[in-house]
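Presented below is the structure to which this report refers.
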Amino acid sequence: MSEDRVATLARAAAMGVAAGLVGVAAMTASEKVEQAVTHRRNSYVPARALLTALGQQPGDSDRPAGWNYAMHWGTGAVLGALRGVWAVTGMRGPAMNAWHTVARLNFDQTVENVTGVGAPPTTWPTGEQVIDVLHKAVYATVTGVVADRWIAPVLQSARGRHSH
C-alpha cells in the first residue's frame, strides 16, 4: 500500500473519530430524552465491562459513572474511525449507516458478553432490545451523515465488483 493511501486512510480515520463523537453526543441526547419519557435508569453495564476488561471485578450494584462515559465515548470514537475509513473508500450512505448500527451493536455485545458482565440481547425484554437498537441507530446515522459530509470518497475502487 502506498504512503499516500495510508495517509489518506489515517486522515479519514481521524475525521471519523470526530464524526463518531458527534454521533455519541446525538445518541446521548436521544437516551436522555427517552429516559425522561420512559423513566428507564442509566445502565452501568458498559462501565462494568470496561473495568472487567482492565482486570477489575466490579459488582452488579457498582455505578462507576466516569468509566461509563469512558466506554460510551471511547467506543463511539473507535467505531467512528471505522466509519471514516468506510466513507473514504466509498462505503457510504444509508445502507452503510444500517451496517454501522449492526457493527456498534455487535461491538458492545461482544465486549459485554466476553467479559461476562452482560447477557445476550436475545434474553432481554423486547422493549430493552428495541431501545438499544434505536439508540445505536441514532449514533450510526449521525456518525455516517457527518463522516460522509466531511470525507470525500477518494479511495473508492471499481475493482472486485465480481467474485471471480
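Here, each number is a calculation from the coordinates, and none is a lab measurement. Since we're looking at a predicted model, the values are computed, not measured. No Cβ is skipped: glycine too gets one built from the backbone with ideal geometry, and neighbour counts run over all protein chains shown.
Here are the numbers for the structure shown:
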item: Search result, residues across region 22-63 that are among the hydrophobic types (A, V, I, L, M, F, W, C) and touching a Lys or Arg at 6+ places or on another chain (Cβ under 9 Å); result: M27, A47
item: Conditions (1) within 9 Å of the chain's Cα centre (by Cα); (2) buried (at least 21 other Cβ atoms within 10 Å of the Cβ); (3) not aromatic (F, W, Y); number of the one not met by A103; result: (2)
item: Count of residues meeting criterion [within 16 Å of P46 (Cβ to Cβ) and part of a helix (DSSP H, G or I)] in region 104-132; result: 15
item: Residue that is surrounded by the fewest Cβ atoms within 10 Å (Cβ to Cβ), among those in region 106-149 that are free of Cβ contacts under 8 Å to residues at least 24 places away in the same chain and charged (D, E, K, R); result: R149
item: Test: residue in region 40-59 that is part of a helix (DSSP H, G or I), of a type outside the set (A, V, I, L, M, F, W, C), touching a residue at least 24 places away in the same chain (Cβ under 8 Å) and in contact with a helix residue (DSSP H, G or I) (Cβ under 6 Å, 6 or more places away or on another chain); result: yes
